[in-house]
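S.K.: I am attaching a structure below and will ask some questions about it afterwards.
The values are calculated or read from the model by the stated rules, or taken from the named source; none is laboratory data. As the structure is a prediction and not an experimental result, all values here were calculated from the model. Don't worry about glycine lacking a Cβ; one is built from the backbone with ideal geometry, like all the others, and counts go over all protein chains shown. In case anyone asks, the SASA skips ligands and DNA or RNA and just uses the protein heavy atoms, side chains included. Shrake-Rupley method; radii C 1.70, N 1.55, O 1.52, S 1.80 Å.
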Amino acid sequence: MKPKSGAVKMRNTKRHQQQPHALRLGDMLKVVLPPDEQLLGEMMLAKSIGMLAGPRGSGKSWLALLIGYAIACSKTLPPWGTGAGVPVAILDGEMRAAGLQDRIALIHAYNTNQKSIKDAENNLHIISRDFMGDAIGSIDTEEGQKSINDLIEPEVKLIIIDNLSAWTSGGREDSNSWAKVKNWLIKMRLQGVAILLIHHTGKNGQQRGSSSHEDLLDYSILLSPLPSSQNRQDTRFSIEHTKLRDYIPELRQTFEYSIWSEDGAFRFDGAPAGVKLSVNEADMLRLREEGLSLEAIATKLGINKSTVSRCLKKLRDSSQDNDLIE
């Protein structure tokens, strides 16, 4: 039986309303959009896509773990800000299970806040081929994307992919391979998920592969190795934000990081390049001047009391010989 013309028209109108369509400027400006959801400061937002690139062995994976941990349990990580305390998935495609476990255990031991510890243990999701004993798949094939999507919990707000080469079939970084990855990244964004890609730099110090990698990114972080400190065996590197889609002037300068282990726990300092006081040390001085005890300072900053005592002594000794403290 042939449907009535009115019914056909109604179904066609409904189908047209469901199809994507362009917005006139007047309509677009009237759309009420929710505020951006900050995951870690003003740069790492829900739905954002970023890249952290650096040479092999320079500290990329350490920094990626720090970022994921801070976001999962509301820790402050300079220079970006304080994490939102939301679920994060880390896709590790390189490390042995034992090595990855050791690194995360060191970072976790640095945390002294019981609520933050519990949040980290609930919110940080680890997807590792070694832990699962399965090849899982690659992000540049539809089959691999489906396998990975099935492993990621629906509530996850950020996916950290360490690293791009390890999670693509054959490690290809050409434009054809990237086109398939790009489609997956866009799908994740439309679902409200942010992505941080970890990538290697080439001999020229820039990220490897085609320049099309940069086009989709909201931000790009370049990590460059620095010589280790004389008084401790640390991993040191500088951080530059080579692309920022949003206006964040405080991130336009270069920052320096130092990462090391001490007393079975992870330690790090981060500060703008050329600044003699680290962020933690400056906070210690300010809180001490406000009359807080060493124990109270340690609790507030989430570090050991012995570390506070040692740092303040070092700063007092240094102030007698130079202009470290003004």
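S.K.: Net charge within 9 Å of residue 308 by Cβ-Cβ distance, Lys/Arg positive one each and Asp/Glu negative one each, not counting residue 308 itself?
M.R.: So the environment of residue 308 carries a net charge of +2.
S.K.: I want the local charge near residue 219. Using Cβ-Cβ distances under 14 Å, sum +1 for each Lys or Arg and -1 for each Asp or Glu among the other residues.
M.R.: -3
S.K.: Still on this structure, I have one more. Would you mind counting up the charge near residue 100? Only other residues with Cβ under 11 Å from its Cβ, with Lys and Arg at +1 and Asp and Glu at -1.
M.R.: So the environment of residue 100 carries a net charge of -2.
S.K.: How many nm is it between the label spots at residue 142 and residue 296, if each spot is 7 Å from the Cα in line with the beta carbon?
M.R.: Label at residue 142, label at residue 296, 6.3 nm between them.
S.K.: Next up: Hey, for a label at residue 134 modelled as a point 7 Å past Cα toward Cβ, could you say which residues of segment 144-161 have their backbone N under 11 Å away?
M.R.: 147-152
S.K.: While we're on this one: Take each of the peptides 263-273, 152-162, average the number of other beta-carbon atoms within 10 Å over its residues, and list them starting from the highest.
M.R.: 152-162, 263-273
S.K.: Next question, about the same structure. So for segment 66-168: antiparallel DSSP bridges make up what percent, rounded to the nearest 5?
M.R.: Taking every DSSP beta bridge with both residues in segment 66-168, the antiparallel ones total about 15 percent.
S.K.: Continuing with this model, one more query. Quick one: how many lysine pairs in segment 20-126 have C-alpha atoms under 25 angstrom apart, if they're 8 or more apart or on different chains?
M.R.: 6
S.K.: Which far-off residues, 5 or more places away or on another chain, put their amide H under 5 Å from the one on residue 226, with H placed in the peptide plane?
M.R.: Under 5 Å from the amide H of residue 226: 236, 237, 238.
S.K.: Give me a comma-separated list of calculated 3J(HN,Hα) values for segment 147-164, in order, Karplus coefficients 6.51, -1.76, 1.60 applied at θ = phi - 60°, integers in Hz, x for any Gly or Pro.
M.R.: With the stated coefficients, segment 147-164 comes to 4, 5, 4, 5, 8, 8, 5, x, 7, 4, 9, 9, 10, 9, 9, 10, 10, 4 Hz.
S.K.: Continuing with the same structure: Top to bottom by accessible area (1.4 Å), largest first, where do 73, 311 land?
M.R.: 311, 73
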